[in-house]
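Below is one structure, written out as structure tokens; the observations come after it.
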């Protein structure tokens, strides 16, 4: 693995070969181990290292890109030659923005755990075998994935920008399949200490056990309690519609909503960069410094995401990455939300989500891996999966309670959400 100084020297070698007036070089290195399992057996092991350089050059508004995965002198020369040849014949791009110069990056919490770099395939296989063994002991079938990754990302430009960071990730997800129902659990973190294979497997087993012999439920409008995984499934679609340009051009449901009471006062959506459990990169893919941003405060949209081009058009400051995305929670547990629910559905997870109406942010999808009827403040029985037709805007507009937050997919901090009037349109045979 190259040091910061090694990477800076490598990008300088590339830039020294460039004759175009503008250039940006992106460096990436990945060391990864991944083990997949299904039907109570390991089905795939993958591992290795990959290094990549991507160069973009520009002559005025004509630009071209090229990439390589070897870094000898011959490959570097070909990288530059190809990118410049493409740029010379490319059509003019009226939305081209020049590369950034030097930036001041914030001090964000570390995202690198040296233990992840030292993980061995045998250790991952042992964890997976433990999960498979637990499933077999209880008469269930386990599937899933466990992986460990260390990455380096760097950026350099002809305008004098140099950016570098290194981060790690450990992820484990498993589904426990029973004869008439399943359960799912997952953890993802930058540090190995936050991922407990035994605890994850037992959570999935507990849900699967509770989900057996589900009853039929009628479609209709329900009070729902969506656990953080299910909230994340819908929030990602909302995040894809937070662009300022798209809203101002009238192509999203957030058009004309800035400063209006769009959602529940309980709903606040921010990008946070200082949570040690959810550390942010110091810069986004285009080199902009990361910063805290309040997108929606107490249900009122305050800011939409401005790309560098659209920020220039509108005379605004450009925005870095949306992530890590965070929804503010409240001081209660999921069990507390269930206790407050007279009748509704507890939703563990969603899947196969698609747009019904993109402009209105209306989605359809199905529940999976545990759906439970709540009656008189307690879970009364598992129910068969249902298809929903609903918008995240309705979910977040009709909030009646939130839990304490959890961490999802290593880039979101979200609570469970209890909301009224969530529409399930039909039954489904999915399991």
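Laboratory data are not the source of any read-out in this text; all were calculated from the coordinates shown. All of these numbers come straight from a predicted model, not from anything done at the bench. Glycine also receives a Cβ, built like all others from the backbone with ideal geometry; neighbour counts cover every protein chain displayed.
In table form, for the structure just shown:
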item: Centroid-to-centroid separation of the range 27-57 and the range 100-141 [C-alpha atoms, Å]; result: 13
item: Cα convex hull volume per residue for the chain (Å³); result: 152
item: Rounded if a/c under 1.5, otherwise prolate or oblate - the range 214-427, Cα gyration tensor axes; result: prolate
item: Distance-filtered residues of the range 1-41 - backbone nitrogen under 15 Å, label point 7 angstrom along residue 71 Cα→Cβ; result: 1-16, 25-31
item: Taking N as its residue count, the alpha carbon Rg of the range 4-208 over 2.2 N^0.38 Å; result: 1.35
item: Ordering of 416-424, 397-405 by burial proxy (mean other Cβ atoms within 10 Å per residue, highest first); result: 416-424, 397-405
item: Most mobile listed residue (284, 380, 168) in the chain, GNM with C-alpha springs under 10 Å; result: 380
item: Tilt relative to the chain, helix 4-17 - C-alpha long axis, 0 to 90 degrees, to 10; result: 50
item: Residue with peak Gaussian network fluctuation, the chain [Cα springs, cutoff 10 Å], from 379, 68, 225; result: 68
item: Ordering of 4-15, 55-66 by packing [mean C-beta count within 10 Å, highest first]; result: 55-66, 4-15
item: For the range 214-427: relative contact order, % (alpha-carbon pairs under 8 angstrom, 6 or more apart); result: 31
item: Cβ-derived FRET efficiency at R0 35 Å, residue 236 paired with residue 110, nearest 0.05; result: 0.85
item: Computed helical MRE - 222 nm, the chain, DSSP H runs ≥ 4 contributing -39500 (n - 2.57), nearest 500; result: -7000 deg cm²/dmol
item: Neighbour-count order for 1, 238, fewest beta carbons within 10 angstrom listed first; result: 1, 238
item: Whole-percent pair-distance distribution, where bins are 5 Å wide, for the alpha carbons of the range 58-164; result: 2, 8, 10, 12, 12, 11, 10, 9, 8, 7, 6, 4, 1, 0
item: Largest-first principal axis extents, alpha carbons of the range 317-431, Å; result: 51, 34, 24
item: Euclidean distance of C-alpha centroids, the range 357-378 and the range 218-275, integer Å; result: 15
item: The range 396-412-the range 326-345 distance, computed between alpha-carbon centres (Å); result: 10
